[in-house]
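Quick note: the coordinates plus some simple rules give every number you see, no bench work behind them. Since the model is a prediction, treat every value here as computed from it, not as a measurement. Counting neighbours? That spans all protein chains shown, and the Cβs are built from the backbone with ideal geometry, glycine included.
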Amino acid sequence: PPPTQHPPTTETYTNTESSAASDVYKRQVQASSDQVAPAVRIVSPTSRSNYFSRIRSVDLAGTAFDNTQVAKITWKNSRGETGTASGKENWAVAGIPLDRWINTVTITAHDAAGNTNTASLRVFCWR
């Protein structure tokens, strides 16, 4: 199940300062209190933690959810290669390269406040 939704709050602070010329100006700063990480899930080719492949690449798809908005979905494989998925709440990645034997592909969901969460799939490739 997705995490409980808590609407973010934004506070505006006004700071009045004087410059050298005695001009008074105001500066407003907005701070977001969104500290809820997005949820991310891999659903294809499997929702399990392990997958067996006979080809040297894998296509992944899944879902993501956030209390405000999912900003982007990224991936990283065991070889250190990275990329960005197409879509956000329903995302997909085609052709993630695999090495022979054991690979870990990590999917990261990012929200606009910089919170992240990951899901991983261990792929055994024997070609």
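Summary of computed values
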item: Surrounding net charge for Gln69, when Lys and Arg each add one and Asp and Glu each subtract one, Cβ distance under 11 Å; result: -2
item: Candidates per chymotrypsin sites (Phe, Trp or Tyr not before Pro) in the range 34-127, loop by DSSP, up to 10 other Cβ within 10 Å; result: Trp126
item: For the range 31-110: Kirkwood Rh in Å [reciprocal of mean 1/r, alpha carbons]; result: 13.3 Å
item: Summed residue charge, Cβ within 10 Å of Asp99's Cβ, Lys/Arg positive, Asp/Glu negative; result: +3
